[in-house]
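So the structure is just underneath, and the comments pick up after that.
Throughout, read-outs are computed from the coordinates displayed, never taken from laboratory work. Bear in mind that the values here come from a model prediction, so they are computed numbers and not experimental data. Cβ atoms come from the backbone with ideal geometry, glycine included; neighbour counts cover every protein chain shown.
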Amino acid sequence: MNLVELYPPASMLLDLQARDKQSANEEMLGHLVSQGKLDQGAVKDALKAIKKREAQASTGIGKGLGVPHAKGCDFIDGLLGVYARSAEGLPYESVDGEPAHLLFLVLSSQETAELHLEIMKRVATLHRDEKSLRYLATSDDPKRITDIFREADEQFS
């Protein structure tokens with residue numbers, strides 16, 4: 001699995017309304033529910049899993065990026081993701097102290113832990129590409145965003 005597959009246009013929230021980390025996670029999980037990819041009853045478990053991971057170290061990796069994630073989730077099959085953008089930015093306890101504008105939610109089952117790591121590596125590739133980050137922070141065009149994801153994926157081909 002790659003970024004293009006995990007974050008198709010239907011999984012993108014380009015106008016995130018949340019104003020804090022918890023609300024952002026809730027909004028992204030709500031989007032998965034609305035897409036029929038996550039049961040409403042699993043939202044509480046997902047929030048708990050994300051919070052548990054966050055207790056280890058902030059998933060605000062700097063440069064406006066946040067990567068809320070949880071591995072080994074027994075309430076899903078496979079890998080689920082949402083790409084969200086907050087034009088205003090939100091406090092995210094990022095390593096550089098800056099607000100997060102781009103969020104890459106990743107939830108994986110026990111069976112997809114290896115794919116989870118692949119996705120994290122690909123997001124890290126974006127983190128190192130200033131031009132792509134600037135573009136992602138301003139683009140409202142899902143097709144162009146997908147092109148950026150495809151470029152990151154191609155670095156692993």
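Below are the figures for this structure:
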{"quantity": "Cβ-derived FRET efficiency at R0 22 Å, Arg144 paired with Ala10, nearest 0.05", "calculated": "0.90"}
{"quantity": "Rough spin-label spacing in nm, given labels placed 7 Å along Cα→Cβ, for Lys131 and Phe156", "calculated": "2.2"}
{"quantity": "Where labels lie 7 Å past Cα in the beta-carbon direction, separation of Glu111 and Asp96 in nm", "calculated": "3.9"}
{"quantity": "Lysines whose Cα lies under 20 Å from that of Lys131, excluding same-chain neighbours fewer than 8 positions away", "calculated": "Lys63, Lys121, Lys143"}
{"quantity": "Gain on full stretching of the segment that runs from Gln56 to Glu88 - 0.36 nm per residue minus C-alpha separation", "calculated": "8.9 nm"}
{"quantity": "Extension gain (nm, one decimal) between Lys44 and Asp74, 0.36 nm per residue minus Cα-Cα", "calculated": "9.5 nm"}
{"quantity": "Reachable lysines, given that their alpha-carbon falls under 26 Å from the alpha-carbon of Lys44 and they are not under 8 places away in the same chain", "calculated": "Lys21, Lys52, Lys71"}
